[in-house]
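A short worksheet on the structure shown next.
No lab work stands behind these numbers, since they all come straight from the coordinates. Not measured: the values here are computed from a predicted model. Cβ atoms come from the backbone with ideal geometry, glycine included; neighbour counts cover every protein chain shown.
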Amino acid sequence: MSIAPILFSTLAALVVVLAAFAVFGRRHFASVIGFVAFGLLLALVWMILSAPDVALTEAAVGGGVTGALLLCACARWREIQGVPQPPIVLRIAAAGLCAAVTVGLIIVVLSLPSPPPTLATTAWDSLDVTGMGNAVTAVLMAFRALDTMLEKVVLLLALIAVWSFGRDCVWGGRPDLMFLPQKNGPLTFLAKILIPVGVLAGIYLFWVGADKPGGAFAGGALIAAMGLLAIFSGLIRPPSIENLRLRWALVLGILVFLGVGFLGFAMVGDFLAYPSALAKPIIVVIEIAMTLSIAFTLFMLVVGPAEKKP
Amino acid sequence: MTTIFGICAAILVGLGLYGLIIHPTPLRKILSFNILGSGIFLLFGVIARRGSVDVLAADPVPQALVITGIVVAFSATALGVALALRLNTADQDQENS
């Protein structure tokens, strides 16, 4: 008997324990730390499930940037007294409902059709047309490019909504993280060494994404994380939300994507259709613009709405 | 292997849903919502892994959907956190007045 099933079961159990810790933990802060650890272990699960692209995105966005966002929120959160805890009857009813959902899903998992339906063959056969070596990037950027473009729109809409939660009197000002970074501390030293390496790694991840695991999302998230590190260590201040260059960087990805989409009418006769000879260069141009926009949008989503007067 | 992680995903969905229902504070609800989402993504991953063929170790279409999903889940989280923090300051102002 091989050791793999034991390792997999242990990992699955650890993931469940960390999720339970994050859900049931008494303090916000401890829960968020549990959640970050959960995200990193989940990335390991994605590797085992032969999904390195998802693993990179999960580690960077799911655990990393989401963790930073929740930690910042914990720091700003002020406990309001007198919030009633749910009564025990409700807890038992909720537990029963959730157990039923879990059992239902387990039954679904155990009775998945065999042989499983798959689009892998179709994707693989059409891969040559796109000039890509990584099937996941080909799906994201060519076969289902419309989804990816609309997702960029969702990111931007979320940012506009987050900005609109700021108070009227500080509109156009800078976001503020509500804590004083320690100047010239060890974190500043770490940031000075790590940021150039991290940004380079982010660019590499995006570039290599055409043929190997990586891509615009993981690369953009890594660059955003480096920007956050620069803020946490006091090296830079968050930009004003009315900064025009920032706003161009935020919309560049969508503009290029839309531009290429409409060019598709002229070149091939359909929206977002690429002529196959030019598919790869076109996709790389979109990805450059997207990586930049994703990096700035994720970064601005974490630092939040304006807090200081312009 | 896919069965083990499939069951793991089902438990994550249950845990996240429970936290989403019972926690009175919005921040904990948002965190639980993320765990619920991770469980659903993991189910996609299991289904993608089952759809492996000779040349590809997993079906790339569900995987691409999950990558899109993770980023959308993050933007929903950021929106929720901003809303919760704004409500929090509004509650505080009310308490102080």
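Of the residues B:97, B:48, B:84, the one whose Cα sits farthest towards the positive end of the charge dipole of chain B is B:48 (charges of +1 on Lys and Arg Cβ, -1 on Asp and Glu Cβ, taken about the Cα centre).
The relative contact order of chain A comes to 21 percent, based on Cα pairs under 8 Å that sit 6 or more residues apart.
For chain A, list the DSSP H helices whose alpha carbon atoms reach 18 Å or more along the long axis and whose average Kyte-Doolittle value is 1.6 or above?
Numbers: long enough: A:4-24 (30 Å, 2.50); A:28-48 (30 Å, 2.23); A:88-110 (33 Å, 2.60); A:145-164 (29 Å, 1.70); A:186-208 (32 Å, 1.89); A:216-232 (24 Å, 2.21); A:244-267 (32 Å, 1.92); A:279-303 (36 Å, 2.17).
In chain A, the long hydrophobic H runs are A:4-24, A:28-48, A:88-110, A:145-164, A:186-208, A:216-232, A:244-267, A:279-303.
Between the exposed loop cleavage positions of chain A, defined as GluC sites (Glu not before Pro) in a non-H, G, I, E, B DSSP state with at most 16 neighbouring beta-carbon atoms within 10 angstrom, the longest gap is A:80-241. Per residue, the convex hull spanned by the Cα atoms of the stretch A:75-232 amounts to 234 cubic angstrom. For the listed residue pairs A:152/B:29; A:152/A:280; A:152/A:183; A:183/A:309; A:183/B:29, the alpha carbons are over 29 angstrom apart in A:152/A:183; A:183/B:29. The mean number of Cβ atoms from other chains found within 10 Å of a Cβ in peptide B:27-38 is 6, as a whole number. Model label points for residue A:242 and residue A:212, set 7 angstrom from Cα along the Cα-to-Cβ axis, are 4.6 nm apart. For chain A, the 222 nm mean residue ellipticity estimated from helices alone, with every DSSP H stretch of n ≥ 4 adding -39500 (n - 2.57) and the total spread over all residues, rounds to -22000 deg cm²/dmol.
Please work out how much length the chain gains when fully extended from residue A:128 to residue A:21, using 0.36 nm per residue of separation minus the C-alpha to C-alpha distance, in nm with one decimal.
33.9 nm
For chain A, the direction-averaged projected area of the alpha-carbon convex hull comes to 21.5 nm².
Across A:207, A:124, A:46, mean-square fluctuation computed from a Gaussian network of chain A (C-alpha pairs under 10 Å connected) peaks at A:124. Sequentially through the stretch B:81-97, phi angles give Karplus couplings (6.51, -1.76, 1.60; θ = phi - 60°) of 5, 4, 5, 4, 5, 5, 4, 4, 5, 5, 4, 4, 4, 5, 5, 6, 7 Hz, Gly and Pro residues having no value and appearing as x.
Specify, per residue and in Å³, the volume enclosed by the convex hull of the alpha carbon atoms belonging to chain B. Display every interim value, and only then the final one.
Working: hull volume 6.7 nm³, N = 97.
Residue-normalised Cα hull volume stands at 69 Å³.
Peptides A:289-296, A:8-15, A:35-42, ordered by how many other C-beta atoms sit within 10 Å of their residues on average, highest first, read A:289-296, A:35-42, A:8-15. As a rough footprinting exposure proxy, the listed residues A:76, A:26 were ranked by other beta carbons within 10 Å of their own, and the order from fewest upward is A:26, A:76.
Averaged across A:289-300, how many Cβ atoms of other chains sit within 10 Å of each residue's Cβ atom? Spell out each step's value before the answer.
Numbers: counts 0, 0, 0, 0, 0, 1, 0, 0, 4, 4, 0, 1.
Across the residues of A:289-300, the mean count of other-chain Cβ atoms within 10 Å is 1.
Against the main long axis of the alpha-carbon atoms of chain B, helix B:2-22 sits at an angle near 10°.
Each peptide in B:78-90, A:191-203 receives the mean, over its residues, of other Cβ atoms within 10 Å, and ordering these scores from highest gives B:78-90, A:191-203.
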